[in-house]
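Participant: A single structure is presented below for examination.
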Amino acid sequence: MINPQRCLSGALLLGGLMWGAGHAVADEVSGTLDGEPKEWHVVTHSEGSTANFSELMPGMMNVTVQGHREPRFETQGTLSISFIVMNGNAGDASVSYFPESGMMPHYGTEQDVPIDIELLDVDGDTGRVKGRVATSLAYLASMSEDYDHSNTMDIDVSFDVTLVREEY
C-alpha cells in the first residue's frame, strides 16, 4: 500500500533538490556565538527580505544579511552582517548582535572587519551570497559611550542566502 505522507515528503524533497540545483536550497545563517552553536533565520515578507541588497550607484551596492533567532521579526537575538560591494568586489563588513529587545545595548564591530565571500551573484531583483565572517564583537551600551573591549563575544558565522533587491 502506498503511504501518502511518504509520497508527499519524497515529492517535496525532490522538488527542493531540483529547485536547489541553481539556487540556495535554504536561507542558512549558522555558526557559533561565544562558542555556542547558533542558527538564525532570514525573514521574508511581502515587501522583501532581511537578506537584501540595494544599489547605491552604478557599480556599488550595499548587502545586508540579517538573521533572526525565530522565523519572525524581533530585535532580541538578531545578527546583522552588512558590507559594500564595489565593481564586484566585497569590502569589509560591519557585524552586530542584539542580545536584548532594543537596538541598545548591543555587541558590534567598531570598525569594519574582513569577510570571506565565496559566492556573490546578483541578477535583476534577486541574488545569492555565500560567505563567512569570524570576529570579536565589543559591547556598546549606548551611542554616547565608547565600545567596551573588556566585554566581548566571539562570532564565527557562515551564510548562504537568497538576496532580494531593496528599493529606497
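Participant: If you go through segment 87-96 one residue at a time, do you hit one that is hydrophobic (A, V, I, L, M, F, W, C), under 23 Å from ASP156 (Cβ atoms) and without any contact (Cβ under 8 Å) to a residue 60 or more places away in the chain?
Facilitator: Yes.
Participant: For the subset of segment 127-143 comprising residues that are over 22 Å from SER30 (Cβ atoms) and at pLDDT 95 or above, which member is most open to solvent (accessible area, probe 1.4 Å)?
Facilitator: TYR139
Participant: Loosely packed, with under 14 Cβ neighbours inside 10 Å, touching a strand residue (DSSP E or B) at 6+ places or on another chain (Cβ under 8 Å), of a type outside the set (Gly, Ala, Ser) and modelled with pLDDT under 95: which single residue out of GLU110, GLU118, GLU70 fits that description?
Facilitator: Result: GLU70 is the single residue among GLU110, GLU118, GLU70 that is loosely packed, with under 14 Cβ neighbours inside 10 Å, touching a strand residue (DSSP E or B) at 6+ places or on another chain (Cβ under 8 Å), of a type outside the set (Gly, Ala, Ser) and modelled with pLDDT under 95.
Participant: Tell me, please, whether a residue that is part of a strand (DSSP E or B) and within 10 Å of the chain's Cα centre (by Cα) can be found in segment 46-55.
Facilitator: yes
Participant: Right, another one. Any residue in segment 116-138 that is of a type in the set (Lys, Arg), under 14 Å from VAL164 (Cα atoms) and in contact with a His (Cβ under 8 Å, 6 or more places away or on another chain)?
Facilitator: Yes - at least one qualifying residue is present in segment 116-138.
The values are calculated or read from the model by the stated rules, or taken from the named source; none is laboratory data. All of these numbers come straight from a predicted model, not from anything done at the bench. Neighbour counts run over all protein chains shown; Cβ positions are idealised from the backbone, glycine included. What goes into the accessible areas is simple: the full protein's heavy atoms, side chains included, and nothing from ligands, DNA or RNA. Shrake-Rupley method; radii C 1.70, N 1.55, O 1.52, S 1.80 Å.
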